[in-house]
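A.B. asks: One structure is given below, represented as structure tokens, and several questions about it will come after.
Where a number appears in this text, it was derived from the coordinates with a stated rule and is not lab data. Bear in mind the structure is a predicted one, so any value in this text is a computation, not a measurement. Note that we place each Cβ from the backbone using ideal geometry, even for glycine, and neighbour counts take in every protein chain shown.
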Amino acid sequence: MEKVTKELFEIIKKYHLPCSMKGNINNDAKEALLEFREKLRLIKPESCYNQNKMKRNFDYLHYLIPIRSALINQQYIAACHELGSLIYRYTVTELHMKMLILQLLDEYV
């Protein structure tokens, strides 16, 4: 993981847990998502696909769809878990990916 990606993951890593946890920790996970959103917004995006880091197909939707579903249902821990998995596998600072994530977080958090 590159430095910027590690910094982003550090924000949500505490909530990169099984989705069965409930209670106030869900509100804490929501706060972590808000912090993640603001940090991601400040990062200068990579302007094009990096073929070594980002597949040109749509495999990343495997993570974005559950993130969206979790956010809609206010399951912020589940959203953090899927977002952590996405960060581990894809370059979230790539312009297209960054914009998709920010759009989800802006709309549902």
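A.B. asks: Kindly write out, for the range 31-40 in residue order, the coupling ³J(HN,Hα) from the Karplus curve 6.51 cos²θ - 1.76 cosθ + 1.60 (θ = phi - 60°), rounded to whole Hz, with x marking Gly and Pro.
C.D. replies: Coupling constants for the range 31-40: 4, 5, 5, 5, 5, 4, 4, 5, 5, 4 Hz.
A.B. asks: Where a Cα-Cα gap under 18 Å defines reach, which aspartates and glutamates qualify for Lys13, not counting those fewer than 8 residues away within the same chain?
C.D. replies: Filter leaves Glu2, Asp28, Glu31, Glu35, Glu38, Glu82.
A.B. asks: Further question on the same structure: Please list, in chain and number order, the residues 5+ apart from Glu46 or on another chain whose amide H is under 5 Å from its amide H, with Hs placed from the backbone.
C.D. replies: Result for Glu46 returns Glu94, Leu95.
A.B. asks: Sort the following peptides by mean Cβ neighbour count (other Cβ atoms within 10 Å, averaged over residues), highest first: 85-93, 5-13. Walk me through the numbers on the way to the answer.
C.D. replies: Numbers: 85-93: 19.3, 5-13: 16.7.
Most protected by this proxy first, the peptides run 85-93, 5-13.
A.B. asks: Something else about it: For Asp59 and Glu35, what does the FRET efficiency come to when R0 = 25 Å and r is the distance between their Cβ atoms, rounded to the nearest 0.05?
C.D. replies: Numbers: r = 27 Å, r/R0 = 1.07.
The computed FRET efficiency comes out at 0.40.
A.B. asks: In addition: Show me, for the range 63-80, the HN-Hα J-couplings you get by feeding each phi into the Karplus relation (A = 6.51, B = -1.76, C = 1.60, θ = phi - 60°), rounded to Hz, glycine and proline as x.
C.D. replies: Listing the rounded values in order: 9, 5, 5, x, 4, 4, 4, 5, 5, 4, 8, 6, 9, 6, 5, 4, 4, 5 Hz.
A.B. asks: Per-residue HN-Hα couplings for the range 94-105, Karplus 6.51 cos²θ - 1.76 cosθ + 1.60 at θ = phi - 60°, whole Hz, x for Gly and Pro?
C.D. replies: In residue order, the calculated couplings are 5, 3, 4, 5, 4, 5, 5, 5, 4, 4, 4, 5 Hz.
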